[in-house]
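These notes are about the structure you will find just below.
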Amino acid sequence: MTSTAHAVRSPRQRLEMLDTPCVVVDRTRFEANLNRMAAHARSAGLDLRPHAKTHKSIAVGTRQTGLGAIGVTVAKPEEAMVFWRAGFKPIFLAYPPVGEHKLSRLRPAFEAGDLIVGLDDTGVAAELGAFATRNGTTVPVMFEVDVGMGRTGLPSGRAAADAALAVAQLTGVRLAGIYAHEGHAHGVGRAGLPAFSREIAERLRTTAELIRAAGQTCEIVSAGTCLTSWHLSRDQGVTEIRPGTYVFNDVRTVVDGGAEWDDCAATVLATVISRPDPARFVIDAGSKTLTTAFDETYGYGLIQGIDGARLARLSEEHGIVTLANPSYDIRIGDRVTVVPIHVCVTVNMHRELFVIDGEEIVDTLVVDAGLLTR
Ligand SMILES: Cc1ncc(COP(=O)(O)O)c(C=O)c1O
């Protein structure tokens, strides 16, 4: 019998060993992105409660809290429970939990006092309060303010303040604060973001002041995305930011002024599978890999390093790339990298992300809450 006195070191995994399509994360850029936002939050006097929808990964969330984040934000109860079971607390569920299915799913986290719930309706708050009371607990809630996106939330000012005050009177819930998502920052343009962000903060500050003037505390005032967070600070009346996309960035974030191309940490690695004519090649990444997120200029993703290449069309498993220069030497079997238009939805389609340092694979990030939408 032979003994193995020394652990056998596995050979270094290299990029070329990866099957495609897959998502690779550049470690240097990823770490820089994490550190930059953490440093910004610190210097602006803001708590950082990043939205985990971008990575849906316990490993990434752990890096964020390790760098000072006060917890994570999630959109859906299933996601909340993945992070809660992994020990994250508090978790901000920035989504109204409507119906018994949702409340039951969340019960263990409610009972442990580890969830803050976002909502924009006194009826939803009353149901949550009744559920909490039946389970012998009180749930902290944040009332959602619409600062112009026109999604959920009541308009900033009197409407949101009065509804938040009504919620504060209910049993089983406690008003912890207010929050807004200014997703309409996409489209404002890089130059307009500082003034836009100040206005968002002002709307929230005014709403919080109306609540406080009625004798009700409003501890948390929460806003901030990958575009606006950079322009927010505590002296504007905001107490925390919830950026999500900043961990990886993508075409949208760069085009809309929240990052530079060199900050894009996640790309889809794909293989050329067909070269049917000189002006076109086809990759093995389609809508089931990249999703159908689209940009007028860049198409379905930015093909890196090939001038004049445009990811012009997608089938489910095919990406059709047109070439401005048909003599470009690209062959079947070659590999290309694509910066996603909207990285959050791309990551959601993958089980793991491969972290690379140059050509070497140095880590794997599991997308623990991928595809969970309930
Ligand atoms: C409620 C809420 N908060 C924060 C974010 C984070 O935004 P971003 O990914 O642009 O940083 C989102 C994004 O959808 C959101 O819906």
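In table form, for the structure just shown:
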| item | result |
| --- | --- |
| Residue 297 vs. criteria out of contact with any strand residue (DSSP E or B) (no Cβ under 8 Å at 6 or more places or on another chain) and either surrounded by 21 or more Cβ atoms within 10 Å (Cβ to Cβ) or assigned to a helix (DSSP H, G or I) (or both) | no |
| Test for residue 180: is it under 23 Å from residue 103 (Cα atoms), of a type in the set (Gly, Ala, Ser) and within 12 Å of the ligand (Cβ to nearest atom) | yes |
| From the options 130, 201, 159, residue that is of a type outside the set (Phe, Trp, Tyr), more than 12 Å from the ligand (Cβ to nearest atom) and without any contact (Cβ under 8 Å) to a residue 24 or more places away in the chain | 159 |
| Residue under evaluation residue 187, criteria (1) at pLDDT below 95; (2) away from the ligand (no atom under 13 Å from the Cβ), criterion not met | (2) |
| Exclusive hit being surrounded by 15 or more Cβ atoms within 10 Å (Cβ to Cβ) and under 27 Å from residue 247 (Cβ atoms), set 371, 311, 323 | 311 |
| Selection from the range 289-317 of residues that are under 26 Å from the mean Cα position of the chain (by Cα) and over 19 Å from residue 252 (Cα atoms) | 315, 316, 317 |
| Within the range 46-142, helices (runs of 4 or more DSSP H) holding 3 or more residues that are of a type in the set (A, V, I, L, M) and buried (at least 23 other Cβ atoms within 10 Å of the Cβ) | 122-134 |
| Test: residue in the range 312-327 that is touching a Gly at 6+ places or on another chain (Cβ under 6 Å), of a type in the set (Lys, Arg) and assigned to a strand (DSSP E or B) | no |
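Let's see how each residue does on (1) at positive phi; (2) acidic (Asp, Glu):
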site	(1), (2)
267	no, no
271	no, no
293	no, no
301	yes, no
337	no, no
346	no, no
351	no, no
360	no, yes
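The values are calculated or read from the model by the stated rules, or taken from the named source; none is laboratory data. Bear in mind that the values here come from a model prediction, so they are computed numbers and not experimental data. Here the Cβ is made from the backbone with ideal geometry for all residues, glycine too, and neighbour counts use every protein chain on show.
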